[in-house]
1. Can you spot a residue in region 237-254 that is over 25 Å from Glu199 (Cβ atoms) and surrounded by fewer than 18 Cβ atoms within 10 Å (Cβ to Cβ)?
2. In region 1-23, which residue that is farther than 19 Å from Pro67 by Cα and within 19 Å of the chain's Cα centre (by Cα) is surrounded by the most Cβ atoms within 10 Å (Cβ to Cβ)?
3. So which helices (runs of 4 or more DSSP H) stay within region 190-309 end to end and still have 2 or more residues that are outside the structural domain of Lys120 (by TED's automatic domain parsing)?
4. Go through Gly182, Gly140 for me and flag whichever is under 26 Å from Phe293 (Cβ atoms), at pLDDT below 95 and outside any loop (DSSP other than H, G, I, E, B).
5. State the number of residues belonging to region 1-49 that are touching a residue at least 24 places away in the same chain (Cβ under 8 Å), among the basic types (Lys, Arg) and in contact with a Phe, Trp or Tyr (Cβ under 9 Å, 6 or more places away or on another chain).
6. Please enumerate the residues belonging to region 27-51 that are closer than 18 Å to Met215 by Cβ, among the aliphatic types (A, V, I, L, M) and surrounded by fewer than 21 Cβ atoms within 10 Å (Cβ to Cβ).
7. Could you identify the single residue in Lys174, Lys158 that is out of contact with any helix residue (DSSP H, G or I) (no Cβ under 8 Å at 6 or more places or on another chain) and either part of a loop (DSSP other than H, G, I, E, B) or not assigned by TED's automatic domain parsing to the domain that holds Ser192 (or both)?
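The values are calculated or read from the model by the stated rules, or taken from the named source; none is laboratory data. If you're wondering where the values come from, they're calculated on a predicted model, not measured in any experiment. No Cβ is skipped: glycine too gets one built from the backbone with ideal geometry, and neighbour counts run over all protein chains shown.
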Amino acid sequence: MSCIISALVCTHNRADYVYKAIQSLLHQQLSWDNYEIIIVDNASTDSTKQVIKTFSQAPNLRYIYEPRLGLSHARNTAWQNAHGKFVAYLDDDAMASPNWLDKTIEAFETMPRSGCVGGKTEPLWEAPRPTWLSDELVAGLAVVDWSNAPHYVQDLNKEWLVGANLAFPVALLKKIGGFVEGLDRTGKNLLSSGDIFIEKQIMQRGYGCLYYPAMRVQHYIHKSRMEQRWFLRRYFWQGISNAFMQIVQARLNAHARWRLAIEKAARLFSSPTKLKQLALATDDPARFTARCFTLIELGNVQGLLTIKI
């Protein structure tokens, strides 16, 4: 099948959600013969396969089973099997707007130096947003709304695109080698930032990461995530993810990793303020945010010491 763009959904044990994601992709304004839908079942043990079978009459939908558990494996399997010139990733717990694929193609055609394109990712809260949850921490839920104007991301520490709503030219993915394996979710761990890492690679090659707000999706914010313990764990794992990227980018050997970890630990544990942040529970948004950010530092130390690459 020859098409312009491939819509890719990687899923693991989210049968109820992936049904809605597929429905949103089947109701795109783009003519069905101009796009395909690929669902990569990443070693699911629930009813995911049965749910996807209910769409067996869709002429442009394909199901692929990927037995190697890990989001990076699933993402690579997806684009490597795509027939489109472009690929657009949608999270399995997200829903694309009806013009999502149209706007994705439009972005690449009007801004041809774009190495990737991502848009607004709006939250669908399954439970009321807690009072202790700051806007800074909401960013960790893959919520993106930088502005209403398209622009290239200049600094990935300040703005970024998220894998829940992210598209690439297939030719560039081939040049880069796809997503680095080992980074991002595997089972129940909270490794992340595979999207950020590939955006860094794209920018290093001289391409732009384009924020295109009209490329809009809605993303479910699970009720189970509206607890402080989830955020504490999420940001600790962010530190481990940062360590993974540091090790790969700088090609750190064991000695360099240990030296860097010791330096970071010394700074962290010599700060009474940060030790207090780690120890004391709080419902104050600013203080809870500071506690989470301190956990990034702690996770970074652990990652430097323990990650196997």
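1. Among the residues of region 237-254, at least one is over 25 Å from Glu199 (Cβ atoms) and surrounded by fewer than 18 Cβ atoms within 10 Å (Cβ to Cβ), which makes the answer yes.
2. Ala7
3. Fully inside region 190-309 and qualifying: 228-250, 254-269, 272-279, 285-306.
4. Working: Gly182 fails: outside any loop (DSSP other than H, G, I, E, B).
Just a single option satisfies the conditions, and that option is Gly140.
5. Residues flagged as touching a residue at least 24 places away in the same chain (Cβ under 8 Å), among the basic types (Lys, Arg) and in contact with a Phe, Trp or Tyr (Cβ under 9 Å, 6 or more places away or on another chain) within region 1-49 amount to 1.
6. Once the filter is applied, which keeps residues that are closer than 18 Å to Met215 by Cβ, among the aliphatic types (A, V, I, L, M) and surrounded by fewer than 21 Cβ atoms within 10 Å (Cβ to Cβ), region 27-51 yields only Leu30.
7. Criteria check complete, one pass: Lys158.
A quick yes/no check of all residues on (1) under 16 Å from Val138 (Cα atoms); (2) in contact with a strand residue (DSSP E or B) (Cβ under 9 Å, 6 or more places away or on another chain):
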site	(1), (2)
Leu166	no, yes
Pro169	no, yes
Leu183	no, no
Gly187	no, no
Leu191	no, no
Gly206	no, yes
Leu210	no, yes
Gln228	yes, no
